[in-house]
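A quick write-up on the structure given underneath.
The values are calculated or read from the model by the stated rules, or taken from the named source; none is laboratory data. Only a predicted model underlies this, so the values are computations on that prediction, with no experimental measurement involved. All Cβ positions, even for glycine, are placed from backbone atoms using ideal geometry, and neighbour counts span all protein chains on display. Side chains are part of the model used for accessible areas, which takes the heavy atoms of the whole protein and leaves out ligands, DNA and RNA. Shrake-Rupley method; radii C 1.70, N 1.55, O 1.52, S 1.80 Å.
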Amino acid sequence: MRAQIKLPVKQDSAPAGAESPSSNGTGAAADKPLSLVPAAFKIKFQTKNNAFADGTFRTLVILCALSVMVIVGLIAFELVRQSHLSMAKFGFKFLSTSIWDPVAENFGALPAIYGTLVSSLLALVLAVPLSLGTALFITEICPRRLRGILSLLVELLAAIPSVIYGLWGIFFLAPLLRTEGQPFLARYFGWTGLFEGPKYGIGMLAAGIILAIMILPIITSISREVMLAVPRQQREAALALGATRWEVLRIAVLRNARAGIFGAIILGLGRAIGETMAVTMVIGNRPEIARSLFAPGYTLASMIANEFSEATSDMHLSALVEVGLVLFAITLIVNAIAQFMIWSITRGMPARNIA
Amino acid sequence: MHNISFRRRFVNFLGIGAIVGATLVVLMPLFLIMGTVIYRGIGSITWAFFTRIPQPVGETGGGMANAIVGTAMIMGVAALIGIPLGVGSGIYLAEYGRNASGNIVRFTADVLNGIPSIVIGITVYALVVLIQHHFSLLAGGIALGIMMIPTVCRTTEEVLLMVPQSVREAALGLGIPQWRTTLSVVVPSAASGIITSIMLACARVAGETAPLLFTAFGNQFWNLKLNQPTAALPLQIFAYAISPYEEWHRMAWAGALVLILSIMATVILVRFATSRGMLKGAH
Amino acid sequence: MDPGIRVQELNAWFGGTQALHDIGLEIPSRQVTAIIGPSGCGKSTFVRCLNRMHETLPNATVKGKVTISGLDIYGKGVSPVTVRRRIGMVFQKPNPFPTMSIYDNVAAGLKLNGFSNRRQLDEVVQRSLEGAALWDEVKDIMKKKSGASLSGGQQQRLCIARALAIEPEIMLMDEPASALDPISTSKIEDLIFQLKQQFTIVIVTHNMQQAARVADLTGFFLMGKLIELDKTEKMFTNPSDKRTEDYITGRFG
Ligand SMILES: Nc1ncnc2c1ncn2[C@@H]1O[C@H](COP(=O)(O)OP(=O)(O)O)[C@@H](O)[C@H]1O
Ligand SMILES: [Mg+2]
C-alpha cells in the first residue's frame, strides 16, 4: 500500500557496516525491516488529525491577547463606574474649579491638573536638551566601546524605583535646593515671579527636577533608536558638502529623526504625567495654584496617592476616582499621539527593531 | 582645502561641547543617587534587618524581613499572572497577529503600558479589594502582574519575529502541527530573549509602590496569606521616608539599598549574559 | 503501492496575483523529475503546492487537484499536517533547527509527534544519517553539537536526513544545492541518485546541467505555466516547444 523505506548507504562508506550491525549491508539487503517506525505508530502518526490541538492552542493565545483588551476595558469601565457619584454632582465644573474640600464635599480638580501640567512641562524643559545631547553623544560621538556601557548606565537610571527617587528627593535634593538652589534662583531670577516666596526645598520645582531625572532615560533611549535609524548616506552627504561635525548632527541626524524624537518627547511627557511616588514625596501636596515654582503643589497622581486610603466619604472616593479617570484620559491621548509618531516612522515595529 | 569660517568652527565647538556636557549631567544623578543610597543605607544593613520585623516607634533594632518576604510573594503572584498572559499574547502577535486584529492588540498593549501605575492600583482596588472586603497580597500581585503584561508581550513578539521563517517552514514541512512548531521549535529558539524580557519586566515592577498603596496596603507584621494585607519593601520605604523619626529614616535608606541593589543586579546580570551570548538580547 | 503524483488544473495565488495557471502533469514514482525555468516562473510555488506548504504563507491560496496514492490532498477533510508527514521537503537554504543537536534535528519529526522509543529512535536517526551520507562525519558529535555548527553542505544533508526520518514516500527538493559549493553539490547529486531507488523525487533547479545529470524527466515552467514535461534526454536534445528550446539554448531567461 505504502512505499516502503529502504535507505541506501553509499558503497564507498565501507567502515560503517563493520562498526554497526544494524547497517550491515544496507545497500541491497531485502531481509531487513523496511520501516523502523512501528506500523501502529506510523498509522496513528500519519492519520492523526491535529486540527483540535491546533484550534485549542490558537484559542489559548487569542484569549491571552484578549485579556490585554479586557484589562484596558475594565480599567476604563471601573474608573467611569466608580466616579459616577462625583461626575453626577460636579459635571464639568470638576475640571474648572479650584476648591478641593473633603470636609464640605466640594471637589474641583483644577489645581491638580495645573500642577500636573506645570511639573511635567518643567520636567520636559529640563530633560529634553539633556536627553537629546546624550542620545547624540551615544550614537554619533562616543567610541564604539563606550556605547554599550553608556546605554547600560542610562538603563540603570531607568531601573531606579520611583520611591527611591522620592527618598533621595526628600533627603538630598530638597535640602540642597533650600540652601543653595532656591536662594540663587531668587536672587538672579526672582524678577520673573517664578522664583519667589518661602524656600521650603520641597515644592513644584523639586518635583519638576525629580521628574526630569526620571524621564531622561526613556527620551534618551528612544531618541537614540530613531537616530540610529537615520541612514548613513544622509550623514555622508552632509559631510561631503563640507559640513562640520555639529552641522552634520543638526542637518542630517536631528532633522531626519525629528518625528521620532518628537514621539520620544511626548512619551516622556506621558511618563511624567503619570508618575506618582517621587512626586508625592517632594511636591508638598497642597491643592493650590501658585505662580511661584517654590510653592507646594499637587498633581493628579499625588492627590490619589495621598488621599485615597484616608478618604472616608463616598463622594471623596468617587472624586478621587474621577481624578484617576482624568489622569487616564490625559495619558491615553498623550501616549496615542506618541505611539502614532513613532509608528509612523518605524511602521508598526517596536522602535528598537530598526536599530 | 576647506576654509571653514571661524564662526562655524566656534559653533561646532560649542555644539559638541554641549553634547558632551549633557551626557555628563545625565549620568550625574545616577551616581549621586547610588552614592547617597549606599552611604546612608549601608550602616543599617545588619543581620537583624533581614531577619526581624519592624519595631514600634522608639525601639531600635527592627528589620524588614516581612517586607522582603512580602515583596517576594507579591512578585510570585505577579509572575504567575504576567508571564503566561504576556508570553501568550506575544505568541499571538508573532504567530497569528500579522493583521488588523493584531494591530489592535499591539496598540492596546502599548496603551496598557502607558497607563499610570496608580490608575491600575485604583482599578484593582475596585475590582478585588472592594469585593474581598480587605486589602490583600493577592490584589497587590494582580496589580503588578497587569503591569508586567505589556512589556513581556511586546518583547516576546519581537524576539519570536527574529526566529527565521525558514525554521517554521522546516518544522511544518515535517508534518509537525502548527502548535507544536510554535511551542517546541520557535519558542525555544527565542527562549533566551523571552527570559531576558521576563527578568527585566520583573525588575521594573519589583520597585513599584503606587499600585500597592491600596492593594497590598502594607503590614507591620508577618503575613503569608493571600487574602491579607501584606508588607512590601517599596511600601515600607515609603512609609518610613515620610515618617518623622530619625531611626525610621535610617531603615528607609537601608531598604532602599537592598531594593536598588537587587534590581540593578538583575539588570546588569541580564545585560552581561546578553552581551556574552548566553542570552539573546531583547534589544 | 504507487506514490506517483497526479496534478490536475492546479492554480495558485499570492493574494490577487496568480502564480500558477492550470498546471496538469503526472510525476512517476521512483524517478527523479526536475522542474526548470527562469527565476520567478513559479517552480517553488509548484512544489510547495505538492505538500500543502503554499497555504502557510499569508494570503496564499490554491485551487485544483493533487492526487497521491489515490488521495486528493486538497480533498475535503484532508488535514495538511497529515499530507506533509508523507512527503519530505528540502529547502533552498539549509534550515536546521538552531536550538537542537544534530541527533535531535533528525529525530524531531518523530519526537515532536510523540514517538519516544529511544532504541528505535537511535536506529532511525542512524539510518537516516546514513541515507543522507552524513553518518560517518557526525556519528561521534551528533548528540553534542548543534545542527548549526555544521558546514553548509553538511547542514543540507542534515536536512535531507531529517526528512528521511519521517519515512516519507515522496521527496520534494527546492534548489537543494543552489547555496552550496561544487563539492557539496556533487555529494547531494550522488545522494539524489541513490535516493531515487526508494522515493519519488521532485527537484527544482535553475541549473540545467544539474537537471540533465540527475533527472529522468524534466518539466519546463514559464510565467506560471507548464510548457512541457518529457524525458530529460528529449527535453535537452529535441524539445517539442519552441520556448523550451529557446530557454535551454540560453536565448532567454
Ligand atoms: N511570498 C510571496 N508573496 C507574493 N508573491 C510571491 C511570494 N513568493 C513568490 N511570489 C511570486 O510568485 C511568483 C512565483 O514565485 P516562485 O514560485 O518563488 O518562483 P521560482 O521559484 O520559480 O523562482 C513570482 O512572480 C513571485 O514574485
Ligand atoms: Mg524558487
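Using Cα pairs under 8 angstrom and six or more residues apart, how large is the relative contact order of chain B, in percent?
Numbers: 391 pairs, mean separation 70.6, N = 283.
Value for chain B: 25 percent.
Amide H of A:Leu293 versus every other amide H placed in the peptide plane: which residues, excluding those fewer than 5 positions away on the same chain, fall under 5 Å?
It is A:Phe195, A:Glu196, by chain and number.
Hey, what did the range A:95-346 get for relative contact order, percent, Cα under 8 Å, at least 6 apart?
With pairs under 8 Å counted, the relative contact order is 28 percent.
Rank C:Val204, A:Phe189, A:Leu130 by how far each Cα sits towards the positive end of the charge dipole of the protein assembly as shown (+1 on Lys, Arg Cβ; -1 on Asp, Glu Cβ) and give me just the farthest.
Value computed over the given set: C:Val204.
Which cross-chain or sequence-distant (5 or more) residues have an amide H under 5 Å from the amide H of C:Val204, H modelled 1.01 Å from N in plane?
So C:Val204 has HN proximity to C:Ile35, C:Met173, C:Asp174, C:Glu175.
Springs between alpha-carbon pairs under 10 angstrom, Gaussian network model over chain C: which of C:Glu167, C:Glu137, C:Glu228 fluctuates most?
C:Glu137
Ignoring ligands, DNA and RNA, what percent of the accessible area of the protein assembly as shown is carbon or sulfur (1.4 Å)?
Values: 22940 of 36940 Å².
Using a 1.4 Å probe with all protein chains present, the protein assembly as shown comes out at 62 percent carbon and sulfur.
Once you have the alpha carbon radius of gyration of the range A:95-346, what is it after dividing by 2.2 N^0.38 Å, with N set to its residue count?
On the way: Rg = 20.4 Å, N = 252, 2.2 N^0.38 = 18.0 Å.
In units of the 2.2 N^0.38 Å rule of thumb, it is 1.14.
How large is ³J(HN,Hα) for each residue in the range B:141-150, as worked out from phi by the Karplus curve 6.51 cos²θ - 1.76 cosθ + 1.60 (θ = phi - 60°), to whole Hz, x for Gly and Pro?
Coupling constants for the range B:141-150: x, 4, 4, 5, x, 4, 5, 6, 3, x Hz.
How large is ³J(HN,Hα), in whole Hz, for each residue of the range B:10-19 in order, when computed from phi with the Karplus curve 6.51 cos²θ - 1.76 cosθ + 1.60 and θ = phi - 60°, using x for Gly and Pro?
Taking θ as phi minus 60°, the curve returns 5, 4, 4, 4, 4, x, 5, x, 5, 5 Hz for the range B:10-19.
Report the charge-dipole magnitude of the protein assembly as shown in Debye, nearest 20, computed about the Cα centre from +1 at each Lys and Arg Cβ and -1 at each Asp and Glu Cβ. Could you put the intermediate results ahead of the total?
Values: 76 positive and 56 negative charges, 247 e Å.
For the protein assembly as shown, the charge dipole is close to 1180 debye.
What number, in percent, do you get for the relative contact order of the range B:195-283 if the mean sequence gap of Cα pairs under 8 Å and at least 6 apart is divided by its residue count? Before the final figure, lay out each step's value.
Working: 84 pairs, mean separation 28.9, N = 89.
Relative CO of the range B:195-283 lands at 33 percent.
Which residues' amide hydrogens lie under 5 Å from the amide hydrogen of C:Lys145, considering only partners 5 or more residues apart or on another chain, with H built in the peptide plane?
C:Ile102
Can you give the FRET efficiency for C:Gln8 and B:Asn103, using 1/(1 + (r/R0)^6), R0 = 41 Å, r = Cβ-Cβ distance, to the nearest 0.05? Before the final figure, lay out each step's value.
Values: r = 39 Å, r/R0 = 0.96.
Computed FRET efficiency for C:Gln8 and B:Asn103 comes out at 0.55.
Students often check this: by mean Cβ neighbours within 10 Å, which of C:145-155, C:74-84, A:139-149 ranks highest, and how do the rest follow? Mind dumping the intermediate values first?
Details: C:145-155: 18.1, C:74-84: 16.5, A:139-149: 13.0.
Descending packing order for the listed peptides: C:145-155, C:74-84, A:139-149.
Between A:Thr192 and B:Met264, how high is the FRET efficiency from 1/(1 + (r/R0)^6) when r is the Cβ-Cβ distance and R₀ = 45 Å? Nearest 0.05.
With a Förster radius of 45 Å, E is 0.70.
Mind checking the dipole of the range C:5-248: about its Cα centre, +1 per Lys or Arg Cβ, -1 per Asp or Glu Cβ, Debye to the nearest 20?
Numbers: 30 positive and 26 negative charges, 152 e Å.
The calculated dipole for the range C:5-248 is roughly 740 debye.
Taking a cut-off of 19 Å between Cα atoms, list the lysines near C:Lys187, but don't count ones fewer than 8 places away on the same chain.
A:Lys10, C:Lys93, C:Lys139, C:Lys196
Per residue of B:81-89, count partner chain C-beta atoms within 10 Å of its C-beta, then hand back the mean as an integer. All intermediate terms of the calculation are to be shown ahead of the outcome.
Details: counts 1, 0, 0, 3, 7, 3, 2, 9, 9.
Mean partner-chain Cβ count within 10 Å for B:81-89: 4.
Place a +1 charge on the Cβ of each Lys and Arg in the range B:47-282 and a -1 charge on the Cβ of each Asp and Glu, then give the dipole magnitude about the Cα centre in debye, rounded to the nearest 20. List each step's numbers first, then the result.
On the way: 12 positive and 9 negative charges, 91 e Å.
Dipole of the range B:47-282, to the nearest 20 debye: 440 debye.
Which of B:Ala170, B:Thr60, B:Ile268 sits farthest toward the positive end of the charge dipole of chain B, with +1 on the Cβ of Lys and Arg and -1 on the Cβ of Asp and Glu?
Positive-most Cα among the choices belongs to B:Ala170.
With θ set to phi - 60° and the Karplus curve 6.51 cos²θ - 1.76 cosθ + 1.60, what are the ³J(HN,Hα) couplings of the range C:196-206 in order, to the nearest whole Hz, using x for Gly and Pro?
Along the range C:196-206, the couplings run 5, 5, 10, 10, 8, 10, 10, 10, 8, 8, 9 Hz.
Charges on Cβ only, +1 for Lys and Arg, -1 for Asp and Glu, centred on the Cα centroid of the range B:47-282; of B:Cys202, B:Ile118, B:Gly90, which one is farthest towards the dipole's positive end?
The Cα lying farthest towards the positive end belongs to B:Gly90.
Evaluate peptide C:166-176: per residue, the Cβ atoms of other protein chains within 10 Å of its Cβ; return the mean as an integer. Don't jump to the answer; show the numbers that get you there.
Values: counts 9, 12, 6, 4, 1, 0, 1, 0, 0, 0, 0.
Mean partner shielding for this stretch: 3.
Excluding residues fewer than 8 places away in the same chain, name every one of the lysines whose C-alpha is closer than 19 Å to that of C:Lys242.
Those lysines meeting the cut-off are C:Lys225, C:Lys231, C:Lys234.
Given the options B:Thr23, B:Thr46, B:Thr182, state which has the largest fluctuation in a GNM of chain B using a 10 Å cut-off (strictly under) for Cα springs.
B:Thr23
Sort A:267-278, A:179-190 by packing, meaning the average of other beta carbons within 10 Å per residue, with the highest value first. Please list the in-between numbers first.
Numbers: A:267-278: 27.2, A:179-190: 14.5.
Sorting A:267-278, A:179-190 by mean packing, highest first, produces A:267-278, A:179-190.
Across peptide A:164-175, what mean number of C-beta atoms from other chains lies inside 10 Å of a residue's C-beta?
Working: counts 18, 3, 7, 15, 11, 2, 4, 6, 6, 4, 0, 0.
Mean number of neighbouring Cβ atoms from other chains: 6.
How would you rank B:145-158, C:174-187, C:53-66, highest first, on the average number of other Cβ atoms within 10 Å across their residues? Please report the intermediate quantities before stating the final value.
Details: B:145-158: 25.8, C:174-187: 17.8, C:53-66: 16.2.
Descending mean neighbour count gives B:145-158, C:174-187, C:53-66.
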